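Scroll down for the structure; my scribbles are underneath it.
The values are calculated or read from the model by the stated rules, or taken from the named source; none is laboratory data. It should be emphasised that the depicted structure is a prediction, and the values quoted were computed from it without experimental measurement. In this analysis, Cβ positions are derived from the backbone assuming ideal geometry, glycine residues included, and neighbour counts consider all displayed protein chains. Just the protein is used for accessible areas: all its heavy atoms, side chains included, with ligands, DNA and RNA removed. Shrake-Rupley method; radii C 1.70, N 1.55, O 1.52, S 1.80 Å.
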Amino acid sequence: MSKHSHLQGIVAPLCDWFEAGRRLLPWRIEPTPYRVWISEIMLQQTRIEAVIPYFERFMNELPDVQALASVAPDRLMKLWEGLGYYSRARNLQKAAQQMIEHYGGELPADYHALLSLSGIGEYTAGAIASIAFGIPVPAVDGNVLRVLARLTGSHEDVMKPAVRKELTALAASLVPTDRPASFNQGLMELGERVCVPNTMPRCEACPIAEHCAVSGSPEAATLPYRAPKKPRRIEQRTVYVMLTDEHPRRVLLHKRPEEGLLAGLWELPNTEGNEPLPLTVQAVGESMELTNSRHIFSHIEWHMHGVLQIVKPFAVPDDYEFAGLTALLTDHALPTAFRAYSQMLPTWLGESK
């Protein structure tokens, strides 16, 4: 990394910039290890502004490792509802249980021990270790990769493991022993607010522009380089909103398998194509066509067609349940994929939120 030794010059100005202008976020105001951990997991794939109310609600109900380890899984999913990527929440609970078993119910103040916990990879372990415990290790997420690629003028594909490893090693060589939290958070914040993606960065506002290989150059907007992704697979699906003909009404829900996409979550029953549900249903009146909807997962895109049916209550298999509005609002988390239909359930169930 000697070819980038000049980048030692970014450390002090970056830390000073972050400390002078950092946003007062809930997990920064009180950066306990538990709060830092929960915030970092929530912030994966999710904007800061969207996370704040979820974080505060989560902390109010599950303020420590013991509460998280023992909460009912359906309640945990409900607290996570709307954040998506639900495996994050399941891994949080697994990690909390591991902490009780191996670390006295606390997050370990050790980078490699943190890495051993469910759902904690190199970035998250680095963020917790540096922010909560002051350990001088790097925390390299997408924002940091972008900043480092532009600082060095690298045209290598940042999705390649070897390239990520090289840039992570560079970050590790720069983390100061006395200000690791400010340095790592400074790189992240720089990527969020100044060295922004998919466009020309705000180089005039950058505290370390003089050290950057592409500062002010149109080339900056083209970095970092990523090889084109494969197109997503498109699936046509029919979503069935089945309401009982009783008062108060209930809606039929299905629990997905414990493995695979949206594992273990409740959903509105749906089938591929125009296939009917594998249930014997006594409909009351005609079905109603609902709006079409689309939802994008990382590798799959669902194109959904909705059907509303009023049905007589009937006995359902173990992985189905008729739920009333109270259960829907307190216990059953429905993935955002179904929001076009689930947002109407309070009205269809004959009550308002």
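Please compute the modelled spin-label separation between R23 and D245, points set 7 Å along Cα→Cβ, answer in nm with one decimal.
5.2
Excluding same-chain residues fewer than 8 positions from K78, which aspartates and glutamates have a Cα within less than 15 Å of its Cα?
Within the straight-line cut-off, K78 pairs with E56, E61, E267, D331.
What does the extension gain come out to for T326 and N198, with contour length at 0.36 nm per residue minus their alpha carbon separation?
Here the answer is 41.7 nm.
Just name one of M242, S182, P269: the one whose Cα is farthest towards the positive end of the charge dipole of the chain (beta-carbon charges, Lys/Arg +1, Asp/Glu -1).
S182
If you place +1 on the Cβ of every Lys and Arg and -1 on the Cβ of every Asp and Glu, how big does the dipole about the Cα centre of segment 228-353 come out, in debye to the nearest 20?
540
Take the residue pairs K230/K255; K229/K255; K165/K230; K3/K230 and return only those whose Cα atoms are more than 25 Å apart. Let's see the in-between values first.
Working: K230/K255 30 Å; K229/K255 31 Å; K165/K230 23 Å; K3/K230 34 Å.
Result: K230/K255; K229/K255; K3/K230 exceed 25 Å.
Suppose R0 equals 45 Å; then what is the FRET efficiency for K230 and E210 from their Cβ-Cβ distance, rounded to the nearest 0.05?
0.70
Carbon and sulfur: what percent of segment 43-98's accessible surface (1.4 Å probe)?
C and S fraction of accessible area: 50 percent.
If a/c stays under 1.5 just call it rounded; otherwise compare a/b with b/c (prolate if a/b is bigger, oblate if not). Do that for segment 16-129, with a ≥ b ≥ c from the square roots of the Cα gyration tensor eigenvalues.
It is oblate, given that a/c is not under 1.5 and a/b is not larger than b/c.
Out of the total accessible area of segment 163-206 (probe 1.4 Å, heavy atoms of protein only), what percent is carbon and sulfur?
Of the solvent-accessible surface of segment 163-206, carbon and sulfur hold 50 percent.
Rolling a 1.4 angstrom probe over the protein heavy atoms, how many square angstrom per residue are accessible across the chain?
On the way: 17140 Å² over 353 residues.
Each residue of the chain exposes 49 Å² on average to a 1.4 Å probe.
How many angstrom lie between the C-alpha centres of segment 43-83 and segment 101-128?
The distance from the Cα centre of segment 43-83 to that of segment 101-128 comes to 18 Å.
In the neighborhood of E189, defined by Cβ-to-Cβ distances under 9 Å, what is the net charge if each Lys or Arg adds +1 and each Asp or Glu adds -1?
+2
Given +1 on the Cβ of Lys and Arg, -1 on the Cβ of Asp and Glu, and no further charges, what dipole in debye does segment 1-68 carry about its Cα centre, rounded to the nearest 20?
260
Rounded to the nearest 0.05, what FRET efficiency do H303 and T222 give with R0 = 25 Å and r taken as the Cβ-Cβ distance? Could you check?
For R0 = 25 Å, the calculated efficiency reads 0.15.
Might you report the magnitude of the Cβ-based charge dipole of segment 127-195 about its Cα centre, with Lys and Arg at +1 and Asp and Glu at -1, to the nearest 20 debye?
Value, rounded to 20: 60 debye.
As an exercise, use a Förster radius of 41 Å and the Cβ-Cβ distance of T291 and A162 to find the FRET efficiency, rounded to the nearest 0.05.
Values: r = 46 Å, r/R0 = 1.13.
The value I calculate is 0.35.
Leaving out ligands, DNA and RNA, and with a 1.4 Å probe, what % of the accessible surface on segment 298-353 is carbon or sulfur?
In segment 298-353, the share of accessible area belonging to carbon and sulfur is 52 percent.
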